[in-house]
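> This is the structure, below, for whatever I ask next.
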Amino acid sequence: MTTIALGLPQRRRDPAQAPPIDGRPDLAGLIDRFGRVARDLRVSVTETCSLRCTYCMPEQGLPAIARDELLTAPEIARLVGLAVRELGIREVRFTGGEPLMRADLGEIVGLSRQAAPDAELALTTNGIGLDKRLPALLAAGLDRVNISLDTVNPQHFARLTRRDRLDAVIAGIEAAHEAGIAPLKLNAVMMRETLADAPELLAWAVARDARLRFIEQMPLDADRAWAREHMVTAAELLAVLGERFGLVEAGRHDPSAPAEEWLVDGGPATVGIIASVTRSFCQACDRTRITAEGTVRSCLFGDDETDLRVLLRGGASDAELAERWRAAMWNKQAGHGISLPDFAPPSRSMGAIGG
Ligand code: SAM
Ligand code: SF4
């Protein structure tokens, strides 16, 4: 066990030693022992954030990552290019922390676009400052944006995020709408404190042609306050939404998409429900993650990270980096195990992994 700059204990593989690849067939893609193939890459670009959502960050924010431990824009782009060219990644999503906190996000997107001309490049953001940055990000090659918004009640928003910034988030959403980003996707974490606001949020999203998806809260908060008995389940949320809207189950957009879709009042509007805890989709998971410090994380809940930054800065070739990434993913765990009696949350919180 070592302690890293985030101040959180975690296991990290000795960079000189590759994870075991016993039994791995000689295939180019990011396959694992359970037959899953990763095609969706999440890249965290920072641990800093303009909000302090209680289900994610501690009140004081996460301890800062030393600047020289953060991947630079060219380093991120190199890994993105490699992932798309050599490892079968099709979609790349920049996340964090709050990616808009990085002044060089435009450069990250632009260089990634050059490195991976045909990949889908997307951003997950809390929307604060998006109105000013969006034109440059789109010009740099960004394709899609997901914005997180849990409630449109200003007091509840301020309590949940510990910041009175609802207007700034809404300005970001409106800018994305006006820029013609379609479908504009909104993400909301289901929280007991805002459960009664859910129908209003859905009506608000439908009125703006936005596709809202509710996500069950996972035990990934830095405060470790998550409790199974307290969390809002998908079933509970559906019951609350069902009091105001007619909801008809419409299945999933594609089998590996985590959201189950429901037609709202006969459609065409839909609402998505991501039941990450009560109806886990681990068996169809197609994600791989790079943390802001350049480690591969094969699962949100797996602390066993593989350091690519050390290799990258040590002059490793693309082939060596790709081999290490494949080995990391081969060892991906079967599932999050939240319902198992011996479940323990991972040492990094959501903001330190990249959601
Ligand atoms: N700051 C950006 C944002 O909020 O969209 C990007 C990073 S955030 C960690 C990515 C997504 O993870 C957000 O949609 C957020 O709501 C979600 N999230 C954070 N903590 C979560 C938790 N404990 N359970 C479920 N989703 C969570
Ligand atoms: Fe920041 Fe996003 Fe975490 Fe909220 S969910 S604290 S906006 S990183």
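The values are calculated or read from the model by the stated rules, or taken from the named source; none is laboratory data. These numbers come from a predicted model, not from an experiment. As a convention, Cβ positions derive from the backbone with ideal geometry for all residues, glycine included, and neighbour counts pool all protein chains shown. Accessible surface is based on the protein model in full, side chains and every heavy atom, while ligands, DNA and RNA are left aside. Shrake-Rupley method; radii C 1.70, N 1.55, O 1.52, S 1.80 Å.
> Being part of a loop (DSSP other than H, G, I, E, B) and open to solvent by 10 Å² or more (accessible area, probe 1.4 Å): is that true of residue 118 here?
When the stated conditions are applied, residue 118 passes them.
> Within segment 86-101, can you find the residues that are surrounded by fewer than 20 Cβ atoms within 10 Å (Cβ to Cβ), free of Cβ contacts under 8 Å to residues at least 60 places away in the same chain and touching a helix residue (DSSP H, G or I) at 6+ places or on another chain (Cβ under 8 Å)?
90
> Kindly provide the set of residues from segment 190-227 that are among the aliphatic types (A, V, I, L, M), open to solvent by 20 Å² or more (accessible area, probe 1.4 Å) and within 15 Å of ligand 2 (Cβ to nearest atom), ordered by number.
215, 218, 222, 225
> Which condition from (1) farther than 20 Å from residue 71 by Cβ; (2) out of contact with any Asp or Glu (no Cβ under 8 Å at 6 or more places or on another chain); (3) away from ligand 1 (no atom under 15 Å from the Cβ) is the one that residue 330 breaks?
Condition (2) is where residue 330 drops out.
> Looking at residue 173, is it surrounded by 15 or more Cβ atoms within 10 Å (Cβ to Cβ), outside any helix (DSSP H, G or I) and either more than 15 Å from ligand 2 (Cβ to nearest atom) or not acidic (Asp, Glu) (or both)?
no
> Condition (residue is surrounded by fewer than 20 Cβ atoms within 10 Å (Cβ to Cβ), small (Gly, Ala, Ser) and over 30 Å from residue 82 (Cβ atoms)) applied to segment 269-278: is it met by at least one residue?
Taking every residue of segment 269-278 in turn, at least one turns out to be surrounded by fewer than 20 Cβ atoms within 10 Å (Cβ to Cβ), small (Gly, Ala, Ser) and over 30 Å from residue 82 (Cβ atoms).
> Another question, then. Can you list the helices (runs of 4 or more DSSP H) found entirely within segment 252-355 that contain at least 3 residues being of a type outside the set (A, V, I, L, M)?
318-330
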